[in-house]
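Inspection log for the structure reproduced underneath, given as structure tokens.
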């Protein structure tokens, strides 16, 4: 019986393990391999170029542009959904009328794919008839046709807003779940002691929500690192590279310029950055676990 | 019972996996796989009709996987990098095919070309410029396009324009007149960058000439040369005068075409595929719209026409090379196929046996314009290697965003293009 169970454990594990090895580990190792070559994606003949691709990164103006954009993207993609999600959760936890409907409405965007969300916001930002410019025109009473996604000063931030709109619902739900574990007697004590609502939130609720914050930040970090699709559909890294993140830059070099070897080197750097961030995050997670059990 | 269920589950999973892996091995002997970017409503319908004809006439079966035009540019590379190119795929003649030919990823068709006598079928100018790479024949042209200044006839009539300009001064006067009448003279939809390239192409070709442009495309001249500065300076003059409709970089080529169709703008510099698009909007060629060739600028410069050639190529590792060759031969050499295909696509046929009278008035004019040109030049992103084209396309978009930075933009493009050529 035990032998048969072991057989089934191995047999059932084999398929997902095979898929994981084929779709994650093998491409990862391939990227490492190709990062040391000058492969263009078509040619079966390519040369080993050592660290040439990695040296080139240091002189690539667009790589540093992508690093800056990725930093902005990650910082905003972590902060905005976290702050907005917490604010909404606090508002909706206060037993307001129709809170269930609001919770559903705010959560809905997370059910949509990033491509759909991106397309919706492309229409919202459309300069001539988009919702945003139409509202601004109604308010100001004068013609307004700023091209949010086509101007280098606003493109990245316009995508960040769309991204945050989608991700906030997820953060809100996690915080709402966290709020159920805040002891009500503790909040009553705060009221009796004369704490202001702000003091109650800042000094009691937010610290008690730390485990939820850890989950929200973890998901935001992971999702922002994966955040390629919405940028691709909304700006494609444009106009003229102004919203290129590292993932977009890697894509451009590999699939638009046909520098597959160099693109692989960028992907290796991106992998190392992600690994460092996730390593740091797990170290912090362990500290939180030690405190909260 | 539990054991049986598990066994069934695993057995089914394995059967599905094995079937999926084994399926290609059992594919029909006469099947030819193909991918293409003719996905517009009319184009896809017309292409499928030609596939049906081929299948009925030849006995081969085709497995088709179309991909949208913009996505196709990267999709085909993804397939190539995964060593899973279809037997036949459509591609743009010029630097892009050259790039794959240099990578030894194409099947040479010299034998088929000679056997089918395609020298007598394909127009010589197209055959010379689009089909041979590195001494071998690789591509059969499906059709070609011509880029001209397409305009809304009613708008120009209302503005009192009776004669279309043939020189630069005349063109500037036309723009000034339209602007004065409160109409945006030119619509440009450069959100996907490539529509802006026709301005660069024509301004450079009409001033510095085809020879200099060929040097620039090959990396033997610099984007910071006086010739390029002059062409960009003329483009800047148009932008500074407010002749382009606002927000070019926010609009696609169809947005710009819609502006002209609605009469919000007067004209757009675009390829003949616009006739297919406007046909879908039920605009009548010659009545609702027409075109004029990009005006001459410097006397003595050879007259060049700009446009792309859509072709079909065969992958170097094609599973059914014989079937693929049969398909290529059929598509280019059958005049009926070519006539109905080019008509639906808003394109010109490369087959000399297609009767020009099958074209509508506007397409016939485009056909004659190309025939009268001294040079047929591929548009920018098909004339220079893909990594360099990326530099230039971004340069055009940046220029349209802020033309005042033209000097800085050209200086940076010169450095980036030089680096791309040296990779």
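The values are calculated or read from the model by the stated rules, or taken from the named source; none is laboratory data. Just so it is clear, the structure is predicted and the values come from calculations on it, not from any experiment. As a convention, Cβ positions derive from the backbone with ideal geometry for all residues, glycine included, and neighbour counts pool all protein chains shown.
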Hey, residue B:318 buried (at least 21 other Cβ atoms within 10 Å of the Cβ) and either touching a helix residue (DSSP H, G or I) at 6+ places or on another chain (Cβ under 7 Å) or part of a loop (DSSP other than H, G, I, E, B) (or both) or not: yes
Spans of helices (runs of 4 or more DSSP H) in the stretch A:205-293 with at least 1 residues buried (at least 21 other Cβ atoms within 10 Å of the Cβ) and in contact with a strand residue (DSSP E or B) (Cβ under 7 Å, 6 or more places away or on another chain): A:260-292
Count of residues meeting criterion [out of contact with any helix residue (DSSP H, G or I) (no Cβ under 9 Å at 6 or more places or on another chain) and either more than 21 Å from residue B:388 (Cα to Cα) or more than 8 Å from chain A (Cβ to nearest Cβ) (or both)] in the stretch B:85-105: 2
Residue in the stretch B:223-242 that is part of a strand (DSSP E or B) and either within 26 Å of residue A:238 (Cβ to Cβ) or at pLDDT 95 or above (or both) present: no
Number of positions in the stretch B:279-323 that are touching a residue at least 60 places away in the same chain (Cβ under 8 Å) and within 28 Å of residue B:96 (Cα to Cα): 24
Residues within the stretch B:408-423 that are over 26 Å from the mean Cα position of the chain (by Cα) and in contact (Cβ under 8 Å) with a residue 24 or more places away in the chain, tallied: 1
Selection count, the stretch A:84-110, where residues are within 13 Å of residue A:176 (Cα to Cα) and part of a helix (DSSP H, G or I): 17
Selection status of residue B:250, surrounded by fewer than 18 Cβ atoms within 10 Å (Cβ to Cβ), closer than 20 Å to residue B:393 by Cα and touching a residue at least 12 places away in the same chain (Cβ under 8 Å): no
Residue match in the stretch B:350-357 (condition: within 12 Å of another protein chain (Cβ to nearest Cβ) and part of a helix (DSSP H, G or I)): no
The stretch A:132-149 - residue that is surrounded by 15 or more Cβ atoms within 10 Å (Cβ to Cβ) and assigned to a loop (DSSP other than H, G, I, E, B) and, of those, nearest to the other protein chains (Cβ to nearest Cβ): A:147
Of all residues making up the stretch A:235-258, the number that are over 15 Å from the mean Cα position of the chain (by Cα) and within 11 Å of chain B (Cβ to nearest Cβ): 16
Complete set of residues in the stretch A:34-63 that are exposed (fewer than 13 other Cβ atoms within 10 Å of the Cβ), within 24 Å of residue A:225 (Cβ to Cβ) and more than 10 Å from chain B (Cβ to nearest Cβ): A:58
